[in-house]
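The values are calculated or read from the model by the stated rules, or taken from the named source; none is laboratory data. Here the structure is a predicted model, which means the values were calculated and not measured. A quick note on method: Cβ atoms are made from the backbone with ideal geometry, for glycine too, and the neighbour counts reach across all protein chains shown.
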Amino acid sequence: MRPQIFLLFMALFANCSGQKGGIEDKKVETAALANCDSLYNQYGVEGCFALYKLKSDSLFLFNGSRCEKGFLPASTFKIPNSLIALETGVLSSPADTIYWDGKKAWNDSWNQDHSLASAFRVSCVPCYQQIARKVGGKRMRYWTKAAHYGKMDIRAKNIDTFWLAGNSRISPLQQIDFLKRLYREELPFKRENQQAVKQIMLLEEMPGYKLYGKTGWAQPDGRNIGWFVGWVETEQGVYIFANNVESPLLPDGQNKDFGRSRREIAEVILTRELGRQPE
């Protein structure tokens, strides 16, 4: 990686959190992820991937210039939205009920009452829109800024859509920084709330392996924008990742490969990199 790019990534991390003891306070080893182009091409998407190895304090990037670019967070915002719901008392625990308003949504799994945990699991957009309205613009702006979560454009008129459409932006590198602080329980939220949200992020568990994460999908300006972000815990260490993908928006029913690409590309890269470079 060229020296000027290396310095740029250090500066980006320095601007992400402003937290002492974060990535920005020490030299981060940065290298490129190789042989990823064909994987993204297979799904007909362009994208980038950031992988941070906590133990060795090293950062691996595919398409590094895109990793610094901001995108709508889409449903990855359900991670901070859950933290904010618990911190503000909108919900007292992940078991609290979010009542269905009776309005039919396109996704049948959304048309029922949910707990925070189950709403997160099925990525229930109406549930989290209800949470955002109860939190309100003032508190939402305060907590997203306090957590240094990208640059959110939060107004009264978009309080329940700002993460899905409009000018809110977060980069893959900022996602990595936010997730690192969540994993280490260093965000400005009560520790028990960070622990609760980490638990609802758990997707897979087997001996010596845990996968935590959240997908996201937005469709601004005739484009698909997708995410899969999270971390893997293994016996060798913790690996924090952000996969970002993009493609033209196709007619209904023709975007399935895009939807699959968010997680499947990430899993291929994680399997390859964790096996190739154990810590």
### Query
With respect to the numbered conditions (1) surrounded by fewer than 16 Cβ atoms within 10 Å (Cβ to Cβ); (2) over 20 Å from residue 124 (Cα atoms); (3) of a type in the set (A, V, I, L, M, F, W, C); (4) in contact with a strand residue (DSSP E or B) (Cβ under 8 Å, 6 or more places away or on another chain), which one is the sole condition not fulfilled by residue 146?
(4)
### Task
Report the residue count in the range 189-202 for those that are closer than 18 Å to residue 77 by Cα, surrounded by fewer than 14 Cβ atoms within 10 Å (Cβ to Cβ) and in contact (Cβ under 8 Å) with a residue 24 or more places away in the chain.
1
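Do we have residue 250 as in a loop (DSSP other than H, G, I, E, B), out of contact with any Cys (no Cβ under 6 Å at 6 or more places or on another chain), surrounded by fewer than 21 Cβ atoms within 10 Å (Cβ to Cβ) and aliphatic (A, V, I, L, M) here?
Yes.
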### Query
Which one of these is on the phi > 0 side of the Ramachandran plot and surrounded by fewer than 20 Cβ atoms within 10 Å (Cβ to Cβ): 275, 230, 222?
222
### Query
Do we find that residue 131 is β-branched (Val, Ile, Thr) and part of a helix (DSSP H, G or I) in this structure?
yes
### Query
Does residue 173 fit the bill of being at pLDDT 95 or above, assigned to a loop (DSSP other than H, G, I, E, B) and in contact with a Leu (Cβ under 9 Å, 6 or more places away or on another chain)?
no
### Task
Tell me, yes or no, whether the range 53-63 has at least one residue that is closer than 18 Å to residue 213 by Cβ, surrounded by 15 or more Cβ atoms within 10 Å (Cβ to Cβ), among the small types (Gly, Ala, Ser) and in contact (Cβ under 8 Å) with a residue 24 or more places away in the chain.
no
### Message
Quick check on the range 101-128: of everything there that is of a type in the set (S, T, N, Q) and assigned to a helix (DSSP H, G or I), which residue is surrounded by the fewest Cβ atoms within 10 Å (Cβ to Cβ)?
### Response
109
### Query
Which residue, of 213, 226, 237, is under 20 Å from residue 183 (Cα atoms) and under 17 Å from the mean Cα position of the chain (by Cα)?
213
### Query
If you go through the range 171-223, how many residues are of a type outside the set (D, E, K, R), closer than 21 Å to residue 264 by Cα and in contact with a Pro (Cβ under 7 Å, 6 or more places away or on another chain)?
2
### Message
Cβ-Cβ under 9 Å, sequence separation 6+ or interchain: first residue in the range 154-166 and closer than 12 Å to residue 77 by Cβ and at pLDDT 95 or above, partner of a type in the set (Phe, Trp, Tyr) and assigned to a loop (DSSP other than H, G, I, E, B). Which pairs?
### Response
154/162
### Message
Residues that are free of Cβ contacts under 8 Å to residues at least 40 places away in the same chain and either among the basic types (Lys, Arg) or over 30 Å from residue 32 (Cα atoms) (or both): does the range 79-93 have at least one?
### Response
yes
### Query
Residues of the range 84-106 being of a type in the set (Val, Ile, Thr) and either closer than 14 Å to residue 132 by Cα or at pLDDT below 95 (or both), which ones?
84, 88, 90, 98
### Summary
The residue from 192, 235 that alone is among the acidic types (Asp, Glu) and farther than 29 Å from residue 88 by Cβ is 235
### Task
Within the range 42-72, work out how many residues are of a type outside the set (Phe, Trp, Tyr), in a strand (DSSP E or B) and under 20 Å from residue 151 (Cα atoms).
2
